[in-house]
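Visitor: Handing you this structure, nothing more for now.
Nothing in this text is a laboratory measurement; each read-out follows from the coordinates by a stated rule. None of the values given here were measured: they were computed from a predicted structure. All Cβ positions, even for glycine, are placed from backbone atoms using ideal geometry, and neighbour counts span all protein chains on display.
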Amino acid sequence: MYEYDAGFDRATPALVAAPGTAAETAAVVAACARAEVPLVARGAGTGLAGGAIAPGGVVVSTARLRRILEIDTESRAALVEPGVVNLALADALAPHGLLFGPDPASQRCSTIGGNIGNNAGGPHALRYGSVVQHVLGLELILADGTPCAMGGRAPDRAGYDPTPFVVGAEGTVGIVTKAWLRLLPRPEAVRTFLAFFADVESGAEAATAIIAEGIIPAALEMMDAPTIRAVNAAFEAHLPADAGSLLLVELEGPAEECEARHERIVAICRRGGATDIKAAANEEERALLWKARKLGYPALARLAPNNYLMDGVVPRTKLPETLRQVAVIAERYGLLVANMFHIGDGNLHPTLLFDAAVPGTTEKAIEASALILKHCVEVGGALSGEHGIGVEKNQFMRWVFSDADLDTMHRVRDAFDPSGRMNPGKIFPTDEPPRELPLERLKFRFAEDMWV
Ligand SMILES: Cc1cc2nc3c(=O)[nH]c(=O)nc-3n(C[C@H](O)[C@H](O)[C@H](O)COP(=O)(O)OP(=O)(O)OC[C@H]3O[C@@H](n4cnc5c(N)ncnc54)[C@H](O)[C@@H]3O)c2cc1C
């Protein structure tokens, strides 16, 4: 189990340690320092970029660090251990009328430590932002076993604030043993509905138009036709089988405001060619609409023996064009592709479906995914919206960052871990030559004004 996460790469660790307290974690880390072996923090292993794999190193599992230590309703802050599962925290906060903003689709199993490691997002990142906006302070164990604390219950510390640097550092600077999290009040009202479209482009254009009108929903998600069909087949979701795409829209806030924004969004969707709109009448129906979205990945996983769930970002205005390119690339490689993603913030998750038993197919999937990411970068996007870099995309970092950029990142990392033993080989490009993409062989039109 500890050889892999939800990504592609595998490696056998030397040892797995499961400390039960911060002091035990420090002892494990100090022992690794004495033995000069690398170590990798691991939450639930749902990461999709190979961040939690530890070739030959020690895996430090947070499975036993799962206590919610304090819920301070007055300061609206919680102190938790890193192994707390995101949904368990949500359940504990609900009776207090509070919530933790980030809700990755993996929230049933992913941990707060892993959410911090990858700076996770999720459907509601559109309204609330990603994890970095919700961490007030951290306690971590540095590479030599020294405990280190930053920030705390109160927001806005003076001086340099290292907390946002540790969030998203993928375990390369230390092992988080406690986190102070910002809590938010639950909204007065929630409105959730689905808008169906004939194709992906019209759905994407409607999503762009909603944001362009200045309306920021709490969540704005898209599923394409293959995903809709997969969810229907796997879970009898009863979504219209002929729909080319759907937008799942959720609004939060004062009841009157939700109502007004709901009407405006419905009008935009109808103008954009929506074939049907289906609103949740109550909490039970809302849960069903979200179930269709959150079970999308397991439904897709049933379509083919293997899949590759990717993560890239493009400016929202580039979404329709990028989705067309994703389809073109998948077709050229003879791969099935399905799209289900956080369209509101331009975060794409094409899922390539294939059978690894057919020789050469895995390589095709990896190559196709690299081309899709290359396109995201070319149109002004980013390598990752929320899954992190890990070993999946570290060789692509040079597409975005100069040597000087990478050197600066290294030097900040070295201030925390001069030994380079915390999760080595992740984020930064290694000495391996970057894989050559067959761009010449594939020369075709990427966008209106761009050939690759
Ligand atoms: C079906 C599915 C849906 C998903 N949906 C989303 C989504 O909507 N949004 C999203 O952002 N991600 C999503 N993910 C990706 C993944 O779930 C998230 O990145 C999640 O935050 C990982 O948490 P984890 O506990 O599984 O961490 P792991 O995979 O165990 O670790 C992730 C990284 O964090 C580091 N880490 C773990 N614990 C610590 C610690 N205590 N201290 C320091 N570093 C640590 C690890 O070293 C590793 O680099 C999804 C994954 C799947 C399989």
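Visitor: How big is D for the stretch 262-376, in µm² s⁻¹ as a whole number, if Stokes-Einstein is applied with the Kirkwood radius of its Cα pairs at 37 °C and 0.692 mPa s?
Guide: D = 206 µm²/s.
Visitor: In debye to the nearest 20, how big a dipole does the chain give about its Cα centre with +1 on each Lys and Arg Cβ and -1 on each Asp and Glu Cβ?
Guide: The calculated dipole for the chain is roughly 440 debye.
Visitor: Counting only DSSP beta bridges with both residues in the chain, tell me the antiparallel percent, nearest 5.
Guide: Percent antiparallel among DSSP bridges in the chain is about 90.
Visitor: Something else about it: Say R0 is 30 Å: what FRET efficiency, to the nearest 0.05, do Val377 and Glu3 get from their beta-carbon distance? Walk me through the numbers on the way to the answer.
Guide: Details: r = 30 Å, r/R0 = 1.01.
Efficiency for this residue pair is about 0.50.
Visitor: From the mean inverse distance of alpha carbon pairs (Kirkwood) and the Cα radius of gyration, derive Rg over Rh for the stretch 271-318.
Guide: 1.09
Visitor: I would also like to ask the following. For labels at Leu406 and Arg324 in the simple 7 Å Cα→Cβ model, what's the distance in nm?
Guide: For Leu406 paired with Arg324, the spin-label model returns 3.4 nm.
Visitor: Determine the shape class of the chain: with a ≥ b ≥ c the square roots of the Cα gyration tensor eigenvalues, call it rounded for a/c under 1.5, and otherwise prolate if a/b is greater than b/c, oblate otherwise.
Guide: Oblate shape, in that a/c is at least 1.5 and b/c is the bigger or equal ratio.
Visitor: Within 10 Å, count the other beta carbons around each residue, average over each peptide in 338-346, 151-159, and list them highest first. Mind showing how you got there, number by number?
Guide: Details: 338-346: 26.0, 151-159: 11.7.
Result, highest mean Cβ count within 10 Å first: 338-346, 151-159.
Visitor: Percent of Cα-Cα pairs more than 21 Å apart in the stretch 68-185, please. Please report the intermediate quantities before stating the final value.
Guide: Details: 2058 of 6903 pairs.
When all Cα pairs of the stretch 68-185 are counted, 30 percent exceed 21 Å.
Visitor: A follow-up question, please. So if we plug the beta-carbon distance of Asp91 and Arg302 into 1/(1 + (r/R0)^6) with R0 = 25 Å, what FRET efficiency do we get, rounded to 0.05?
Guide: 0.35
Visitor: Say each of Glu188 and Cys148 gets a label point 7 Å from the Cα, pointing the same way as Cα to Cβ; how far apart are those two points in nm?
Guide: Here the answer is 4.4 nm between the modelled labels.
Visitor: Still on this model: Take the alpha carbon gyration tensor of the stretch 189-299, find the square roots of its eigenvalues, order them as a ≥ b ≥ c, and report rounded if a/c is under 1.5; if not, report prolate when a/b exceeds b/c, else oblate. If you can, show how the numbers build up before the last one.
Guide: Details: a/c = 2.07, a/b = 1.29, b/c = 1.61.
Judged from the Cα gyration tensor, the stretch 189-299 comes out oblate (a/c at least 1.5, b/c at or above a/b).
Visitor: Between Thr12 and Ala209, take the C-beta separation as r, use R0 = 51 Å, and let me know the FRET efficiency to the nearest 0.05. If you can, show how the numbers build up before the last one.
Guide: Values: r = 50 Å, r/R0 = 0.98.
So, using R0 = 51 Å, E works out to roughly 0.55.
Visitor: Multiply the residue gap between Glu263 and Arg398 by 0.36 nm, knock off their C-alpha separation, and tell me the result in nm, one decimal place.
Guide: My answer for the length gained is 44.1 nm.
Visitor: For the pairs Lys291/Lys364; Lys291/Lys426; Lys278/Lys318; Lys178/Lys426; Lys178/Lys393, note any where the Cα-Cα span goes beyond 30 Å.
Guide: Exceeds cut-off: Lys291/Lys364; Lys291/Lys426.
Visitor: Across the Cα atoms of the stretch 15-61, what radius of gyration and what greatest pairwise Cα-Cα distance (Dmax) are found, in Å?
Guide: Spelled out, the Cα radius of gyration and Dmax of the stretch 15-61 are 10.7, 31 Å.
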